[in-house]
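Scroll down for the structure; my scribbles are underneath it.
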Amino acid sequence: MLKAICSKKELTIHSYYDCIGDLIGAQELQQLKEITHHISTTRFQHCVNVSYYSFLVCRKLKLNARSAARAGLLHDLFFYNRKEYNSSKVKGQPSHSQNHADIACRNADRLTQISPLERDMIEKHMWPVTRGLPSYKETYVITVVDKYCAVLEFCVPKLKKVGSVISRKS
């Protein structure tokens, strides 16, 4: 079952799936299920979250929702532990936040053909931490949605714990 955080929809029977169905089963993406991301989720789930919500926002704004879904799914396609990367980096070397988008873009390029729009979205999803301004409206969307999903991924599990403690006390 494929779902996004805070959504009850099964995404494999949603128009969203038509945009990412050819990518979702790729071994490279499946490997992300083994990597913890934002403490309480996996990198795979984070990518699905960003992908789905970017798709919804872009569709609502009449932007390129298909490219947003695809770029969202590929935006964090890297395989190292970011905490280890930052603790082992040499002075002057770019931080994980500055560097991982380029790595994800190279990995996405190996996996599938990405459009200039998708490339911009992947490379600049960490703006303003990364180089230059986004070139497309969709890139701003994925940038904001990425931060929104990160906040949800940090907060929702904690809110569920608080809710279960409150319900036990009642």
Next item on the list: Multiply the residue separation of LYS60 and THR112 by 0.36 nm, subtract the distance between their alpha-carbon atoms, and state the gained length in nm to one decimal.
Entry: 16.1 nm
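Going by a ≥ b ≥ c, the root eigenvalues of the Cα gyration tensor, does segment 5-60 fall in the rounded group (a/c under 1.5), the prolate group (a/b larger than b/c) or the oblate group?
Details: a/c = 2.07, a/b = 1.34, b/c = 1.54.
Oblate.
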Check: Of LYS3/LYS33; LYS60/LYS124; LYS33/LYS60, which ones are farther than 19 Å apart at the Cα?
Finding: LYS60/LYS124; LYS33/LYS60
Item checked: Point-to-point label distance, THR36-SER135, nm (Cα→Cβ direction, 7 Å offset) -> 3.8
Notebook entry, point to check: What is the local net charge at LEU29, summed over the other residues whose Cβ is closer than 14 Å to its Cβ (Lys, Arg +1; Asp, Glu -1)?
Noted result: 0
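FYI, it's all coordinate maths here, none of it is from the lab. Since we're looking at a predicted model, the values are computed, not measured. Reconstructed Cβ throughout: ideal geometry from the backbone, glycine too, with neighbour counts over all protein chains shown.
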